[in-house]
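A short write-up of the structure that comes next.
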Amino acid sequence: MQDHTTQQELKDRLSLIESMIAEGRRNTESWGWAFVLWGVVYYLAIAWSAWGHSVWAWPVTMLTAAMVTVVVASLKVGNLPGTTLGRAIGSIWMALGISMFLLFLGLGLSGRLSDQHLFVAVISAILGMANGASALILRWKVQFVCAVVWWVAVVTACFGSDAQSMIVFLVAIFLCQIVFGIYGVIAETQERKRRGPLHA
Amino acid sequence: MPDLPALNPVVHGRLRLALLSLLSGVEEAEFTWLRAKTEATDGNLGAQLLKLEEAGYVAVEKKFVLRKPQTLYRITETGRQALIEYVQALKQLLGPAMDA
């Protein structure tokens, strides 16, 4: 059979194997939409709590975003295959979601969400931990850069002024949630276009 | 000159090779996930999966989850071994051309 098979075809088969194995292991890029959603929700919550001065800003936005995430994720994850890697990454983000939800629901309703520095430091530290762990497992440099940005936000929240702390936090949300999320969606779409449909 | 290895025709088909490679990286996968990843038609995908099943390279499990039918595929040890041997044969055939 290989008499009729060109070297280019053989190379094509080899790259097909590599791309398909990588495709099976890919998890985070399919979640670009969730990063964008939560980035937008953080902005909404910050704006509502800053100008509306409402204790409900964080609980309501977090609860709504959590419900949307659960509904959309259950539709998408229903088709995802089980992998150890997938479970590891999923566990990190699920634990993050529960921690953030309880933290902001509790702090918001109790009215103790008053120290901006502490608030930014805690949320940035949690997001830095999740992004860092996920990046190290996936060996994904782009996501590790996001983790570093969140860690910079933690330090700035501890030692910077009110303005510095809030600006770095807003920039971190923009870069690590919205830009990173859009990057994930685009990367997934481009990969699909590049490969095209497979035939027997 | 040493004899060149023959490529396993069951594994060599483009879609079948993609399916085996996909399944080698996961524990098990649904038909719909395999269809989304390969962008193959239902008929073609079903036919190629059947060939892999007949060769003993994939195992199929059909079950109901929340009253909805679900078809799960997983690579067997024979299938994994066939894929490994295929990759080895491919590398041997390509030889120095692999770096080009």
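Observations on the structure shown:
- Meets criteria (on the phi > 0 side of the Ramachandran plot, more than 13 Å from the chain's Cα centre (by Cα) and more than 14 Å from chain B (Cβ to nearest Cβ)) for A:Gly111: yes
- Helices (runs of 4 or more DSSP H) fully within region A:78-168 counting 3 or more residues that are over 19 Å from A:Phe35 (Cα atoms) and of a type in the set (Asp, Glu): none
- Residue in region B:56-72 that is among the hydroxyl-bearing types (Ser, Thr, Tyr), at pLDDT 95 or above, out of contact with any Phe, Trp or Tyr (no Cβ under 6 Å at 6 or more places or on another chain) and closer than 25 Å to A:Glu9 by Cβ present: yes
- Hits in region A:28-44 (condition: more than 17 Å from A:Lys76 (Cα to Cα) and either surrounded by fewer than 19 Cβ atoms within 10 Å (Cβ to Cβ) or modelled with pLDDT under 90 (or both)): A:Val40, A:Tyr43, A:Leu44
- Answer residue from region B:2-11, given it is at pLDDT 90 or above and either touching a Cys at 6+ places or on another chain (Cβ under 8 Å) or more than 7 Å from chain A (Cβ to nearest Cβ) (or both) and is surrounded by the most Cβ atoms within 10 Å (Cβ to Cβ) among those: B:Val11
- Among (1) crowded, with 18+ Cβ neighbours inside 10 Å; (2) more than 12 Å from chain A (Cβ to nearest Cβ); (3) among the β-branched types (Val, Ile, Thr), the one test that B:Thr78 misses: (1)
- In region A:81-94, of all residues being within 14 Å of chain B (Cβ to nearest Cβ) and not small (Gly, Ala, Ser), the one that is surrounded by the most Cβ atoms within 10 Å (Cβ to Cβ) corresponds to A:Pro81.
Residues checked against (1) surrounded by 18 or more Cβ atoms within 10 Å (Cβ to Cβ); (2) farther than 18 Å from A:Ala45 by Cβ:
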residue	(1), (2)
A:Leu96	no, no
A:Gly106	no, no
A:Val120	yes, no
A:Asn131	yes, yes
A:Ala135	yes, yes
A:Phe144	no, yes
A:Val148	no, yes
A:Val154	yes, yes
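- The condition of being out of contact with any Cys (no Cβ under 7 Å at 6 or more places or on another chain) and closer than 30 Å to A:Met20 by Cβ holds for only one of A:Ala133, A:Ala172, A:Ala125, that being A:Ala133.
- Close pairs (9 angstrom Cβ cut-off, 6 or more residues apart or separate chains): more than 11 Å from A:Arg13 (Cβ to Cβ) and within 7 Å of chain A (Cβ to nearest Cβ) in region B:12-23, assigned to a helix (DSSP H, G or I) and of a type in the set (Phe, Trp, Tyr) anywhere: B:Leu22/B:Trp33
- Tabulated pairs, region A:34-54, first in a helix (DSSP H, G or I), second surrounded by fewer than 20 Cβ atoms within 10 Å (Cβ to Cβ) and not aliphatic (A, V, I, L, M), C-beta under 6 angstrom, 6+ apart or interchain: A:Ala34/A:Thr69
- Those residues of region B:24-73 which are of a type in the set (Asp, Glu), more than 11 Å from chain A (Cβ to nearest Cβ) and surrounded by 14 or more Cβ atoms within 10 Å (Cβ to Cβ), in sequence order: B:Glu53
- The set of residues in region B:57-72 that are within 14 Å of B:Leu19 (Cα to Cα) and either among the charged types (D, E, K, R) or out of contact with any Pro (no Cβ under 9 Å at 6 or more places or on another chain) (or both) comprises B:Tyr57, B:Val58, B:Ala59, B:Val60.
- Test: A:Val179 is in a helix (DSSP H, G or I), within 28 Å of B:Glu39 (Cα to Cα) and at pLDDT 95 or above: yes
The values are calculated or read from the model by the stated rules, or taken from the named source; none is laboratory data. Values in this document were obtained by computation on a predicted structure and should not be read as measured data. In this analysis, Cβ positions are derived from the backbone assuming ideal geometry, glycine residues included, and neighbour counts consider all displayed protein chains.
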